[in-house]
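Below is one structure, written out as structure tokens, with a few remarks after it.
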Amino acid sequence: MSFLSLLARNRLALVGLIVMGFVVLLALVTPLLPLADPDVTNTGNRFLKPFSEGTLLGTDHLGRDLLSRLLWGTRLSLAVGFAAAVIAAVLGAAVGIVAGYYGGRVDNLIMRGVDMLMAFPYILLALAIVAALGPGLLNALIAVAAVNIPFFARNIRGITVGIAHKEFVDAAKLAGMRDARIIVSEVLPNVIPVIVIAMSTTVGWMILETAGLSFLGLGSQPPQADLGSMLGEARSALITNPHTSVVPGVMILIIVMAINLLGDGVRDALDPRLRSGALTRPMAATTVRRKGPVPVPEGENVLDLRGLETQFHVKDRIYRAVGGVSWGVKPGECLGIIGESGSGKSVTALSVMGLVASPPGVITGGAVHYKGEDLVGAPYERLRSLRGREVAYIFQDPLATLHPLYKVGDQLVEAIRVHHHVSDKEARAKALGLLKDVRIPNAESRLENYPHEMSGGMRQRVGIAMALANDPEVIIADEPTTALDVTVQAQILSLLDTLRREKGLAIVFITHDFGVVAQLCDRVAVMYAGRIVEEGPTQMVLDAPAHPYTRRLIACVPELGEGKRELHAIPGLPPAVNDLPPGCAFAPRCDKATEACRQGEIALEAHGPRKLRCLFPETELEAAQ
Amino acid sequence: MGSYILKRLVSAIPVLLGITVIVFAIMALIPGDPATAILGSYATPENVEKLNRDLGLDKPAVQRYFIWLSNMVQGDFGRSFSLNRPVLDEVLDRFGATLVLAGTSFVLCSLIGVAAGVVSAARQYGFADKAITFVVLLGISIPSFFLGMMMILIFAVQLRWFPASGMWPIYGDRNLLVLLDHLLMPALALAVVATGVVARLSRSAMLEVLRQDYIRTARAKGVPERGVIWRHALRAAMVSIIPVLGIQAGFVLSGAVYIEMVFQWPGVGRMLVDAILKRDILLVQGGVVFVAACYVLFNIVVDVAQSLLDPRIKT
């Protein structure tokens, strides 16, 4: 989408653009308007009120026409503000590009100087410069431009450093181009958007600052007046004739506000993160917009998903991350959910407790029953009271999932105290016990550690301890061992297995690794493109996979001690879930697929203890029930 | 921690020296010579020459700089000709008033700005967010001196709630209550812009943090949303908010000059403007160096606060 149409879509920026356009136009045509001379005094007509005869906005303390002075003053203020911005941008960019492009000692020296300048309180430096040069509008302009140069220099340098080491710059150097030419033809075009953003966000400041210096009597000198000095002169009559202050003050406000609106619009239009809507914050619980009936749970499952559908709504696209998933776990059972990245296994897991980031996530169908209670659409407070207390999570990368600024002891204590009214001391004792339960050596001193002071394996043990803090019934482990090395992985798996047997926990274990499933899980469900394609007891599925995708996944696992078997990567990529093909989603990558696979819904059918969504199974199964 | 503070103090020395060099260099730009400025344009050449010698202005610039610097280190900032008293005495007298004003504004902008940013982020695109965003836009667009004038007009002249100017009444007691009465309007007027900047930044810092995995962990633990926002997210967001607070401290400290003019506050900013208009160079030099040095020291406090907040910073 083009920059201009993006800008136009931002209504506030458009308002800013229109107001600013109008003010600039007024300033441009001021010499042509039939206005009184702004500098001619007429002391007989001092302090005429606005709308009195012969004058629209009244007159000032010397009887000069305020409207005329306002327009001429606006002209001056705009010119000075923009000039300061352009000077600061050009010089700042030049300094920044030189420092960033040449690097090394040049960079060091320049940036030291810039840091020194930035060590000054901003306006103080401008005052010092004006003090040296003497009061006057031109000197005020120089001062305001000068104090803004470091800001531009630092910004532009950062960008240039990134560009100066790109391949195309190296190529240009090898081709024998001179530095000056490389800067102009290769570096500058990449830096200009940054300069534009920096200018659009600072020109308002610069107008304010020059107005400020004029207000102090250090800028434009009488009789010439910009908006700031108009305000400064009007100050002595503030109480008796406020209109002389209000008129220029409101004008500054309008100009700066319009520029700021426009500047924000420019920045948003040029910032790709805002464009993609990536800067929205997830709410406390996933949005639920459930259409259709609420399915009933099956059997004696402690946690039971039926027909769960979770989608991501991004702009006008819909990503069906989870397209009707059903599974359940009994107490003491471990269910593995396996699939490639993007298959929807994590989203399924997060949907259980409403933890899918929302926006953009929306649960659109199905039910999640915990001990018979439907959690989809349950009130937030109910959901929160179950989170961590009844159903707890273990996440993948504990460096990112533990709070970096709190000690692990405090994080454990918090997990306990949000659900139990116990003293800090009791909670701390419990936390110590938890760390011992997960076999962390020197548990006492570990309580005082921050996450970054621990190894990956230790951190993940803390993550597990935190999940166990409230003796939950169900633990959902979302790739808990993926970030760990193999020996640590084996330790964590055996720890989980022991805990499950000791405490009768139900575990839902999400992974992309069949090796892990084989070690830990009683049953396994294979997910592809947001749906389960095969489910059954782990050993049966491993021994005789029925779905071609399952067979391929198993073939990806190397077997220890047997060097003979070849590894087979699965050709192709999983389909995009906003554009699923009809029929079997795996058909495009499947060597057995026929026309029948590409037409119509293929049901997940039960065959004895197993379930399968395939027309051409790899192995003989019991007849469908 | 002690050694970290010491390290930061030592690293401030070159910055302080740099500041004196910059101020001296700027002042060396002065067209004409200060003696003429002091004595007026009718002074005889002999008198100008004598004063130049007395002020040491006949020596080379580098030598002058080191004389000036070594005098300053010994607490001698020179003598203000317009006030006929030592520069340091005047600056110290005035700086207290500025510190009261700027300090109050700094506390106000930190508390209100961060709170507004947090609420705005927590209710992104909701009514509170839109209202705060609008007020913030207004706040960062209004010149503080104009805002101050309008506050005087409304709250001092029309409503008579607060005194229109000064730090103390001309007659009467000087107690904390009286001071607060005089302080509230100028401190608010000075804080508005900085509050807007802090609120904006806090909002985006919070939005950034709220998308992190550890926030999801906090929610998965069952931490109530209030705790997620104010304990987990804000704590992490403060890491990027605090440097901005440091910048805003410099902004209120130097922006106080406008407010001091509007409210007749007897601070160092007003002193500087008077000194500039009277071409009292030593007073300007001394005032600027003193305030800038205080700001450098304050930034060390900011750095130490940052290191206390973020254990990942090596101290």
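Read-outs: derived from the displayed coordinates by stated rules, not from any lab. Note that the structure is a prediction, hence the values are computed from the model and not measured. Backbone-built Cβ (ideal geometry, glycine too); neighbour counts: all protein chains shown.
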Q | Crossing angle, helix B:127-141 versus chain B [Cα axis fit, 0-90 degrees, rounded to tens] | A | 10 degrees
Q.
Taking θ = phi - 60°, what integer Hz values does the Karplus form 6.51 cos²θ - 1.76 cosθ + 1.60 yield along region B:163-169, in sequence order, with x for Gly and Pro?
A. x, 6, 7, x, 9, 10, x
Q. Which is the longest run of chain B containing none of the chymotrypsin sites (Phe, Trp or Tyr not before Pro) found in DSSP loop states (not H, G, I, E, B) with at most 12 other C-beta atoms within 10 Å?
A. B:172-315
Q: Over the whole of A:384-390, what's the average partner chain Cβ count within 10 Å per residue? Rounded to a whole number, please.
A: 4
**Q.** Segment A:F616-A:Q224, length gained on full extension (0.36 nm per residue, minus Cα span)
**A.** 132.2 nm
Q: Grab the DSSP H runs of the protein assembly as shown that are 4 residues or longer, score each as -39,500 (n - 2.57), total them, divide by all residues and round the 222 nm result to the nearest 500 deg cm²/dmol.
A: -18000 deg cm²/dmol
Q) If you take the beta carbon distance between B:L277 and B:V135 as r and set R0 to 35 Å, what does 1/(1 + (r/R0)^6) give as a FRET efficiency, to the nearest 0.05? A) 0.45
(Q) Suppose each label sits 7 Å from its Cα in the direction of the beta carbon; what would the A:E167-A:A603 distance come out to in nanometres? (A) 5.3 nm
Q: In nm, give the distance between the simple-model label positions of A:A623 and B:V304, each being 7 Å from the Cα along the Cα-to-Cβ direction.
A: 8.4 nm
Q | aspartates and glutamates whose Cα lies under 20 Å from that of A:K425, excluding same-chain neighbours fewer than 8 positions away | A | A:D410, A:E414, A:D437, A:E444, A:E448, A:D471
Q. Any idea which of A:G504, A:L484, A:L468 is furthest toward the positive side of the dipole for region A:466-507, if Lys and Arg beta-carbons carry +1 and Asp and Glu beta-carbons -1?
A. A:G504
(Q) Using alpha carbons only, how many angstrom separate the centre of region A:489-551 from the centre of region A:586-622? (A) 20 Å
Q | Whole-Hz couplings from phi, Karplus 6.51/-1.76/1.60, listed for region B:63-75; x for Gly and Pro | A | 4, 4, 4, 6, 4, 4, 5, 5, 4, 4, 4, 7, x
Q: Pick out, in residue order, every one of the trypsin sites (Lys or Arg not before Pro) in region B:72-160 that is DSSP loop and has at most 11 other C-beta atoms within 10 Å; say none if there are none.
A: B:R160
**Q.** Calculated FRET value between A:E595 and A:K503, using beta carbons and R₀ = 35 Å, to 0.05
**A.** 0.10
Q. Of all DSSP beta bridges in the protein assembly as shown, what percent run antiparallel (nearest 5)?
A. 60 percent
Q. Any idea what angle helix A:11-29 forms with the longest principal axis of chain A, computed on alpha-carbon atoms, 0 to 90 degrees, nearest 10?
A. 20 degrees
**Q.** Estimated FRET transfer efficiency (A:A36, B:D173; beta-carbon r; R0 51 Å; 0.05)
**A.** 0.50
Q.
Take B:R235 and A:M177, extend 7 Å from each Cα along the Cα→Cβ direction, and tell me the distance between the two endpoints in nm.
A. 5.0 nm
Q: Can you grab the distance from the C-alpha centre of region A:175-210 to the C-alpha centre of region B:213-277, Å, no decimals?
A: 29 Å
Q.
Longer than 22 Å from Cα to Cα, which of A:K330/A:K371; A:K291/B:K221; A:K371/B:K221; A:K371/A:K611 are they? Say none if no pair is.
A. A:K291/B:K221; A:K371/A:K611
Q. Roughly how crowded by other chains is peptide A:365-377, in terms of the mean Cβ count from those chains within 10 Å of each of its Cβ atoms?
A. 0
Q) Got a sec? How would A:L57, B:L111 order by Cβ neighbour count within 10 Å, fewest to most? A) B:L111, A:L57
**Q.** Cβ neighbours within 10 Å from other chains - mean over B:148-154
**A.** 4
Q | chain A: angle of helix A:188-215 to the longest principal axis, Cα-based, in degrees nearest 10 | A | 50 degrees
